[in-house]
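The values are calculated or read from the model by the stated rules, or taken from the named source; none is laboratory data. None of the values given here were measured: they were computed from a predicted structure. Cβ: placed from backbone, ideal geometry, glycine included. Neighbour counts: every protein chain shown.
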Amino acid sequence: MKIQQISVFLENKPGRLASVAQVLKDNAINIRALTVADTLDFGVLRMVVNRPDQAMAVLRQAGFTVKAATIIAVEIDDREGVFYDIMKLCDAEGLNIEYTYSFVEQQAKKAILFMRFEDPDRAAAIFTQHGYRLLTNEEARSI
Amino acid sequence: MIFNREFETLPLTVLRAHQSAQLVRLVHRVYERVPFYRAKMDAAGVKPADIRTIDDIARLPFTTKDEMREVYPYGLLACDQSDIVEIHTSSGTTGKPVVDAYTRNDIEVWSEVMARTLAMGGTTQHDIVQNAYGYGLFTGGLGVHYGARKIGAVVIPISGGNTKRQLDLMRDFGTTVLACTPSYSLYLAEAGREEGIDFSKVGLKAGFFGAEPWSENMRAEIQEKLHLKAIDIYGLTEIIGPGVASECEQQNHLHIFEDHFYPEVIDPTTGAVLPPGERGELVITTLTKDGTPVIRYRTRDITYLDREPCPCGRTSVRMHRILGRTDDMLVIRGVNVFPSQIEQVLLHIDGVEPHYQLIVDRRAQLDDLEVQVEMNDGLFSDTVKAIELKEREIAEELHSALLISAKVKLVEPKSITRSEGKARRVIDRRQI
């Protein structure tokens, strides 16, 4: 199970994130998870949203550079050591993580770990094999 | 199609003899009749008798646009005022305008070179030429008009603007040849598409585009959208208007009508004449003009000359499409760089579009060049690593091609200021 993430290129200057946020708000798009990778000159905003295709279209229309990426979302128990288990598994299988981010679902005592791999199909297969549950696109959009 | 086979295919020795004779005549004429040129030649220590062949031209002083402005309006006149039949001027947006005064013979020469130009794209007496260059003081409109009339084609003198009417007339009269600026042709294509016009059925065969810089990418787009052959033409008011040079059907460099306009390419800093193939500033002498002849005019346009024979059979020298302006030339740590050279490098990198800006600054006594390139969907990756690798790749390409060290910065699309459609390419913050 793989899910669709959208990424937006942003120059590192004031007001750029606000502009993205406004486009999403004006089009009633709900953000499920987000993270920003920043460098001295630019940043990459990565998001999982409820309607990714529409989000990409409206952001493009507003002049942003946008790209879709395939990532996987692993549901894990919210307790110590689980992140270590995952990292150990990736290491053992030679899965190179491009980047990762996560959030905690307090009510379900679960956490969702989003990960980007060079080969998402292989990563998904390995996680499934090891008994991890991967979120579907629909689940990720309606978290 | 060659309009004037005799003069366009002159053997080189005959052409040189013709140019020599015209230059000698010209130098005597201006020395006797134009105090401006006499003073310049005296200051340079050159007498008319020193000029015997075309190769002596490098002994003559250059003429600049500023000098031409200083003698506004009639300071360059080399004939009796009563012999003038028409006057054009440059726009004068940056100062006093430059005057181009034509005798009857000058208009004949202009018609001739414009007829040659239009014939290069296949225009014959059976064609219908829609002339969307502005009529008036601007030389584009009447230049094309005279050329088309000389050929005997039908001219639709619609002038610029009024896009709806352009499209209506194009269909109603079956325009086969279009003349306008390249950017306006794309505007017409877009407006036509919105009106549901299928240009493959309109029957345009050639378009003559000039008066502003354009590129091979734009040519491809124009040809695809309008279904015609797009010909690059070159000219300037200071010389005659359009009709100084034009591409032939090969669309590979512009033939200069050198039996009328003698070209040289010089080093813009030292003034030394450069050999063919070397990039520099184009300098033109009007060999046959009687009204306001110009000797070694510094066009500030950057190009190089190509003396290879052209498959079309014409023997005239060709020039590369204008590569930039000397006004834009940058000296970065002692290396001369034109924005157009940087653009060439960028265009060869996969995914890069020609939207860029150069920012020059001086830090710790050293010049610092930042090349900003607009991000696009093709370049963008969601990983920082890939973006930084792309920046590094561009910097390495610039270094290997131009020997300049630049910091490359990818910026958001449309963040580079565009003023009236023209991007501002260079921001020089150096305080020297």
Q.
Could you tell me how many of the residues in the range A:55-102 are among the polar types (S, T, N, Q), within 14 Å of chain B (Cβ to nearest Cβ) and under 29 Å from residue A:28 (Cα atoms)?
A. 4
Q. In the range B:391-416, how many residues are within 14 Å of another protein chain (Cβ to nearest Cβ) and either in a loop (DSSP other than H, G, I, E, B) or modelled with pLDDT under 85 (or both)?
A. 5
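Going residue by residue through the range B:279-288, is there one that turns out to be surrounded by fewer than 20 Cβ atoms within 10 Å (Cβ to Cβ) and under 17 Å from the mean Cα position of the chain (by Cα)? Give the steps one after another, and end with the answer.
If we filter the range B:279-288 for residues that are surrounded by fewer than 20 Cβ atoms within 10 Å (Cβ to Cβ), which is where we start, we get B:279.
Next, from what is left, pick out any that are under 17 Å from the mean Cα position of the chain (by Cα): B:279.
The answer is yes, given that some residue of the range B:279-288 is surrounded by fewer than 20 Cβ atoms within 10 Å (Cβ to Cβ) and under 17 Å from the mean Cα position of the chain (by Cα).
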Q.
From the list B:99, B:154, B:113, B:129, exactly one residue is on the phi < 0 side of the Ramachandran plot and touching a Pro at 6+ places or on another chain (Cβ under 6 Å). Which is it?
A. B:99
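Among the candidates A:121, A:41, A:78, single out the residue that is of a type outside the set (A, V, I, L, M), in the same structural domain as residue A:10 (by TED's automatic domain parsing) and touching a residue at least 12 places away in the same chain (Cβ under 8 Å). Steps first, answer last, please.
Numbers: A:121 fails: in the same structural domain as residue A:10 (by TED's automatic domain parsing); A:78 fails: in the same structural domain as residue A:10 (by TED's automatic domain parsing).
The match here is A:41.
Yes/no matrix, rows are residues, columns are (1) in a strand (DSSP E or B); (2) surrounded by fewer than 17 Cβ atoms within 10 Å (Cβ to Cβ); (3) in contact with a His (Cβ under 6 Å, 6 or more places away or on another chain):
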| position | (1), (2), (3) |
| --- | --- |
| B:30 | no, no, no |
| B:41 | no, no, no |
| B:46 | no, no, no |
| B:52 | no, yes, no |
| B:66 | no, yes, no |
| B:72 | no, yes, no |
| B:78 | no, no, no |
| B:95 | no, yes, no |
| B:100 | yes, no, yes |
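Inspect all residues belonging to the range B:381-390 and state whether any of them is within 14 Å of chain A (Cβ to nearest Cβ), assigned to a strand (DSSP E or B) and in contact with an Asp or Glu (Cβ under 6 Å, 6 or more places away or on another chain).
Let us first name the residues in the range B:381-390 that are within 14 Å of chain A (Cβ to nearest Cβ), namely B:381-390.
Pick out the ones that are also assigned to a strand (DSSP E or B) and you get none.
Scanning the range B:381-390 turns up no residue that is within 14 Å of chain A (Cβ to nearest Cβ), assigned to a strand (DSSP E or B) and in contact with an Asp or Glu (Cβ under 6 Å, 6 or more places away or on another chain).
Considering each of B:342, B:349 in turn, give the residue that is farther than 29 Å from residue B:41 by Cα, surrounded by fewer than 20 Cβ atoms within 10 Å (Cβ to Cβ) and not assigned by TED's automatic domain parsing to the domain that holds residue B:10. Break it down into steps so the answer makes sense when it comes.
Values: B:342 fails: surrounded by fewer than 20 Cβ atoms within 10 Å (Cβ to Cβ).
None of the others qualify; the one that does is B:349.
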Q. In the range B:10-56, what residues are of a type in the set (Val, Ile, Thr) and under 28 Å from residue B:317 (Cα atoms)?
A. B:13, B:14, B:24, B:27, B:30, B:46, B:51, B:53, B:54
Q: Hey, could you check the range A:21-66 for residues that are in contact with a Leu (Cβ under 9 Å, 6 or more places away or on another chain) and of a type in the set (Gly, Ala, Ser) and say which is surrounded by the most Cβ atoms within 10 Å (Cβ to Cβ)?
A: A:55
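For the structure I just gave you, tell me whether residue B:425 is within 14 Å of chain A (Cβ to nearest Cβ), closer than 27 Å to residue B:65 by Cα and at pLDDT below 85. Full working, then the answer.
Numbers: within 14 Å of chain A (Cβ to nearest Cβ): no; closer than 27 Å to residue B:65 by Cα: yes; at pLDDT below 85: yes.
For residue B:425, the condition - within 14 Å of chain A (Cβ to nearest Cβ), closer than 27 Å to residue B:65 by Cα and at pLDDT below 85 - is not met.
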Q. Which is within 13 Å of chain B (Cβ to nearest Cβ) and over 19 Å from the mean Cα position of the chain (by Cα), of A:7, A:19?
A. A:19
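Within the bounds of the range A:106-114, is there any residue that is closer than 12 Å to residue A:89 by Cβ, under 12 Å from the mean Cα position of the chain (by Cα) and surrounded by 14 or more Cβ atoms within 10 Å (Cβ to Cβ)? Explain how you work it out, then say what you get.
Start the filter on the range A:106-114 by keeping residues that are closer than 12 Å to residue A:89 by Cβ, which leaves A:113.
Going one step further and asking which of them are under 12 Å from the mean Cα position of the chain (by Cα), we end up with A:113.
Applying the additional criterion that residues be surrounded by 14 or more Cβ atoms within 10 Å (Cβ to Cβ) yields A:113.
Checked the range A:106-114: at least one residue is closer than 12 Å to residue A:89 by Cβ, under 12 Å from the mean Cα position of the chain (by Cα) and surrounded by 14 or more Cβ atoms within 10 Å (Cβ to Cβ).
Which is at pLDDT 85 or above, more than 12 Å from every other protein chain (Cβ to nearest Cβ) and out of contact with any strand residue (DSSP E or B) (no Cβ under 8 Å at 6 or more places or on another chain), of B:359, B:349, B:342?
Numbers: B:359 fails: out of contact with any strand residue (DSSP E or B) (no Cβ under 8 Å at 6 or more places or on another chain); B:342 fails: out of contact with any strand residue (DSSP E or B) (no Cβ under 8 Å at 6 or more places or on another chain).
Being at pLDDT 85 or above, more than 12 Å from every other protein chain (Cβ to nearest Cβ) and out of contact with any strand residue (DSSP E or B) (no Cβ under 8 Å at 6 or more places or on another chain) holds for just one of B:359, B:349, B:342, which is B:349.
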Q: Filter the range B:1-47 down to residues that are in contact with a helix residue (DSSP H, G or I) (Cβ under 9 Å, 6 or more places away or on another chain) and closer than 30 Å to residue B:205 by Cβ and give me whichever is modelled with the lowest pLDDT.
A: B:1
**Q.** Hey, residue B:317 within 14 Å of chain A (Cβ to nearest Cβ) and either without any contact (Cβ under 8 Å) to a residue 24 or more places away in the chain or not basic (Lys, Arg) (or both) or not
**A.** no
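Quick check on the range B:135-143. Is at least one of its residues in contact with a His (Cβ under 6 Å, 6 or more places away or on another chain) and farther than 19 Å from residue B:316 by Cβ?
Within the range B:135-143, one or more residues are in contact with a His (Cβ under 6 Å, 6 or more places away or on another chain) and farther than 19 Å from residue B:316 by Cβ.
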Q: Take the residues in the range B:168-200 that are of a type in the set (Ser, Thr, Tyr) and in contact (Cβ under 8 Å) with a residue 40 or more places away in the chain, then tell me which one is nearest to residue B:143 (Cα to Cα).
A: B:181
Q: Could you figure out which of (1) in a helix (DSSP H, G or I); (2) surrounded by fewer than 13 Cβ atoms within 10 Å (Cβ to Cβ); (3) in contact (Cβ under 8 Å) with a residue 24 or more places away in the chain; (4) of a type outside the set (Phe, Trp, Tyr) isn't true of residue B:91?
A: (1)
